[in-house]
Amino acid sequence: MLQVIELTKQFGGMTAVDRLSFTVGDGEIVGLLGPNGAGKTTTIRCVASLLQPTSGHILLNGHDVSDDPVGAKRALAFVPEVPNPYEMLTVMEHLRFVAAAYGMEEELVHAEEILTRLDLWEKRGDLGASLSKGMRQKLACACAFIHKAQVFCFDEPLIGLDPKGMRELKAMIMERRALGNSVLISTHMLDTAERLCDRVIILKRGQLIAEGTVPELKQRLQSSDATSLEDMFLELTEEPIA
Ligand SMILES: Nc1ncnc2c1ncn2[C@@H]1O[C@H](COP(=O)(O)OP(=O)(O)OP(=O)(O)O)[C@@H](O)[C@H]1O
Ligand SMILES: [Mg+2]
């Protein structure tokens, strides 16, 4: 389970995330939506301990990222917005490195299956520096799937993937849900969010402005003409005309 409690992150005088609270339960996929600059990446980077929150708490399977960073990191698999593979490690060496870092070398028995599903098995001997953008994205996902995390955070994982890669990654994410893992996924692809996510959270200027299942949000906006998540998103995030 992932718990974000009253998370605030300021950069200088600018508040990027503002008293944000939400939970991703076991066996749940939650979509983190919001316009550019809404605070999605900042939230996910705080969850991954890449940014220090200004205030608030983040718990990964009950481990506070500030008080128990080792326990928290062990529970998390994170795929960044812009993956940067190690230039001088091969695809397979990345998986070996991650498995070793988590003390889970036995999980390498799944490497062939994971890499094959993501069309990277043929590239297993290639260096990180030689991979295309989509292949880098797939390698970051493969590294996330190789160890037994309970919480998965993906920052726009589908951007740059080919249609087969997108389908396979969505299937792999749903398999994690079936295993009881918690998945947080930021995306601008509203059709995908509607189909893949059990719940969505909509951020605007760092604040949570709507949360619920897509049918719940539709009901809340019943008086309006919103019929799809896209309609709702545009209605909720619309800036008032000055
Ligand atoms: N390192 C930083 N220093 C200063 N300001 C930052 C930093 N990182 C993010 N911000 C600011 O915080 C706000 C939220 O940015 P963030 O990257 O979290 O948005 P996002 O929702 O992920 O947007 P996008 O959809 O474009 O990826 C923006 O105003 C951004 O300019
Ligand atoms: Mg972002």
Quiz item: If you scan segment 177-200, which residues turn out to be hydrophobic (A, V, I, L, M, F, W, C), more than 14 Å from MET166 (Cβ to Cβ) and within 14 Å of ligand 2 (Cβ to nearest atom)?
Solution: LEU184
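Give the number of residues within segment 150-186 that are of a type in the set (Asp, Glu) and within 16 Å of ligand 1 (Cβ to nearest atom).
Let us first name the residues in segment 150-186 that are of a type in the set (Asp, Glu), namely 155-156, 162, 168, 175.
Add one more test, that the residue is within 16 Å of ligand 1 (Cβ to nearest atom), and what stays is 155-156.
Of the residues in that region, 2 qualify.
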Exercise. Name the helices (runs of 4 or more DSSP H) wholly inside segment 110-220 in which the number of residues that are surrounded by fewer than 20 Cβ atoms within 10 Å (Cβ to Cβ) and either modelled with pLDDT of 95 or more or in contact with a Gly (Cβ under 7 Å, 6 or more places away or on another chain) (or both) is 2 or more.
Key: 111-117, 133-146, 163-178
Exercise. Could you list all residues from segment 1-33 that are buried (at least 17 other Cβ atoms within 10 Å of the Cβ), in contact with a Lys or Arg (Cβ under 8 Å, 6 or more places away or on another chain) and closer than 24 Å to ASP191 by Cβ?
Key: GLU28, ILE29, VAL30, GLY31, LEU32, LEU33
Practice problem: Go through the residues of segment 63-86 one by one and say whether even a single one is surrounded by 18 or more Cβ atoms within 10 Å (Cβ to Cβ), touching a His at 6+ places or on another chain (Cβ under 7 Å) and of a type outside the set (A, V, I, L, M, F, W, C). | Solution: yes
Quiz item: Conditions: (1) more than 17 Å from GLY37 (Cα to Cα); (2) without any contact (Cβ under 8 Å) to a residue 60 or more places away in the chain; (3) within 16 Å of ligand 1 (Cβ to nearest atom); (4) of a type outside the set (Asp, Glu). ILE209 meets all but one. Number of the miss?
Solution: (1)
Quiz item: From the set of residues in segment 138-165 that are touching a strand residue (DSSP E or B) at 6+ places or on another chain (Cβ under 7 Å) and within 16 Å of ligand 2 (Cβ to nearest atom), which is nearest to MET1 (Cα to Cα)?
Solution: CYS153
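The values are calculated or read from the model by the stated rules, or taken from the named source; none is laboratory data. Just so we're clear, the structure is a prediction, and the values are computed from it rather than from any experiment. Cβ: placed from backbone, ideal geometry, glycine included. Neighbour counts: every protein chain shown.
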